[in-house]
Amino acid sequence: MRTTHTARSSQGFILISTLFMMSLMLALVSAYAMMTSIEWKINKRSGFSSTGFYTAEAGLNIRAEEIRQIFVGYNRPEGTSPDPENACEGGNQGADDFACATYEVGGHTAVTYVEEDPSNPLILTIPPGELYQNLSAQEYRYTVKSNAIGPDDRVEASLELRFKSRLVPLFQFVAFYDKDLEILPGPTMLLSGPIHTNGDLYLNANNSLSVDGQVATAGVIYRGRKNDNSCMSKPVRVKDPISYVELINPCPSRTLVDDSDIDPYNGMVQMNVQSVTVPEPEALDPTEGQIYWDKADLRLTLHLNGSNNPVTTYGPTGVEVRNANHSVNASATTDLHNCAGSISGRPVGYSSSFYSNREGGYMRLLEVDMQALLNCIHTESLMGFGKGLDDNSEGGLVFHFSVDGPNSGNQQSYYGFRIVEGDELQASVAAPSVRGMTVVSDQAAFVEGHYNRVNKIPAAILADAFNVLSENWNGNDYKSTQSLSNRNASNTTFNAAILACTDTTGGVEGAGGQGGAYNGGLENYPRFHENWSGDTFLYRGSFVSLNNCRHSNGNWVYGGSHYNAPNRDWDYDTDFNDAANLPPLTPRFVYLRQQLFVRKYELE
């Protein structure tokens, strides 16, 4: 009996132990399952948070770029922000450029809005040590807020970006190119202003080249020529900014400048900077929606028929005053032709007597006697009721001169406009003073004689190509087909910023544009047509080139029947350092500077 009882007790103990172990194992499995579930949820939430961060960041970048693009289009962001309390919920959406906006990114949603600093805008001088130092800029400050919403409608990440949008005028550079820039002066040249190129920069000199201003390139710098492997061992110097420092001399062949070569310049020479966005060449077109056409105070169009002869429906010269929608302002056109001037007795006219050796053909030109045109604008109110010569809505007057003919869109149109009597950009009759003047065209510009020399005002010419005829030309177009020895120039002064096309030299190995030949460089930016030997072209302004020529197709050629270069007394107009002295509607580039980045995660 004892044995049986003991065996039964042992069996009971084993059963109880087994049940206990099974319960323990079940508890462990349950605990493990719970821990795994928790860990999975944490990892999932962590993954959502990480994805949410990048989603919210994408929202910040999109909104900041949208703000920048508004400035690129010569507009300013406007609107109202939502109330920060429960922003972007229900009717709390804000309005216009600052309103809530939603972006889908990889199955997640970024909900964003913008707040504007109430102190906007700030007019500042960019501090020393920064890129574009000492230039005047308008600075606008904004905060973008972005929440990332996951598939479960919970906030995964909340980010905030405070940034500055700076608008920098292009005419505050002695030279600004949206492509490769080459400088190779013959005589000694001093450039007293900053230089920027969105391409590569090639520096060389026959005698010496000195730059007193910050030099920045989005590419690299070469000491030497682009179209071959040569380099002239002459001084090329840039201020550091206290004293001039010479760049790689001697240079037996074209040499790529490296970082150690520019270290001595204390930030005054910079390579591989960020490219900046500049206006497209289409901005000059006579088209509704383009900034200069829309905002022009006066639009003059030379209207040609299919045979390239003037259409005289509205006036004897074919020159018409156009409205923004391209319709002809018949009464203003009649008034214009009734005014007196030097173009066959009128302020405007048509000519086809100038032969361009560079283009290889006769040019059909809209002729403008500038002083007579200003007189007519004043006496006949050509710009509309209540708008006078002293209009300052865009910083001064903006004129658009165009040619409406069968060749207008051709790569070689043989069209353009010519300004005469521009020595003083004021009316000769009793009239309010012109504050500033910008002349715009999608075709070639020709300026004959002194320009803006007397009582200089802020002025600019924006055109496809920039051509110069000296004071000695005196309207004698018959000389254009004669030998160069019969086309002698005389000393001429020109005070205005220029935006125009330039040819492009071929690549580093000599292939490409101009058949691989040299494009003439900055020193041949103006297109000359005379024998300037011994005579001086005195220029003060700013050279801006954003593109190759769209309608002026002739390659640069020196000598022969084309031209001999003048003595180049050229430099930056330091008056442009004061933003108040910039020409009307000066083109500008926009860049952003991050001020503060804040992030936080919200896990529920």
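Tabulated data
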read-out	value
Net length gained if the chain between VAL429 and ASP261 were fully extended (0.36 nm per residue, minus Cα distance)	54.7 nm
Compactness of the chain, expressed as Rg and Dmax over alpha-carbon positions, Å	33.6, 147
Angle between the chain longest axis and helix 2-72 axis [Cα atoms, degrees, rounded to 10]	10 degrees
Exposure proxy ranking, count of Cβ atoms within 10 Å, fewest first, for GLU139, GLU85, GLU320	GLU85, GLU139, GLU320
For THR481, THR586, order by how many other beta-carbon atoms lie within 10 Å, fewest first	THR481, THR586
Förster-model FRET efficiency, 35 Å R0, VAL72 and SER192, C-beta, rounded to 0.05	0.75
For SER342, SER483, SER243, order by how many other beta-carbon atoms lie within 10 Å, fewest first	SER243, SER483, SER342
Reciprocal of mean inverse Cα separation for the range 281-586 (Kirkwood radius, Å)	19.5 Å
Convex hull volume per residue in cubic angstrom - Cα atoms of the range 248-312	245 Å³
Segment ALA99-ASN61, length gained on full extension (0.36 nm per residue, minus Cα span)	12.1 nm
Modelled label reach - SER490, point 7 Å along Cα→Cβ, the range 416-434 residues with backbone N closer than 17 Å	420-424
Diffusion coefficient, µm² s⁻¹, Stokes-Einstein with Kirkwood Rh over alpha-carbon pairs of the range 57-99 at 37 °C and 0.692 mPa s	292 µm²/s
Cut-off of 10 Å, at most 15 other beta carbons, DSSP loop: longest stretch of the chain lacking such chymotrypsin sites (Phe, Trp or Tyr not before Pro)	1-384
Value of relative contact order over the chain, rounded to a whole percent, pairs C-alpha under 8 Å and six or more apart	14 percent
Count, lysine Cα pairs under 18 Å in the chain, 8 or more residues apart or across chains	6
The chain - mean residue ellipticity at 222 nm from DSSP helices (-39,500 (n - 2.57) per run, n ≥ 4, rounded to 500)	-5500 deg cm²/dmol
Cα principal axis extents for the range 179-271, largest first, Å	30, 25, 23
Residues with amide H under 5 Å from that of CYS549, placed H, sequence gap 5 or more	THR502
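Since every read-out is calculated from the coordinates, none of them should be taken as a lab result. Only a predicted model underlies this, so the values are computations on that prediction, with no experimental measurement involved. Every residue, glycine as well, gets a Cβ built from its backbone with ideal geometry; the counts of neighbours run over all protein chains shown.
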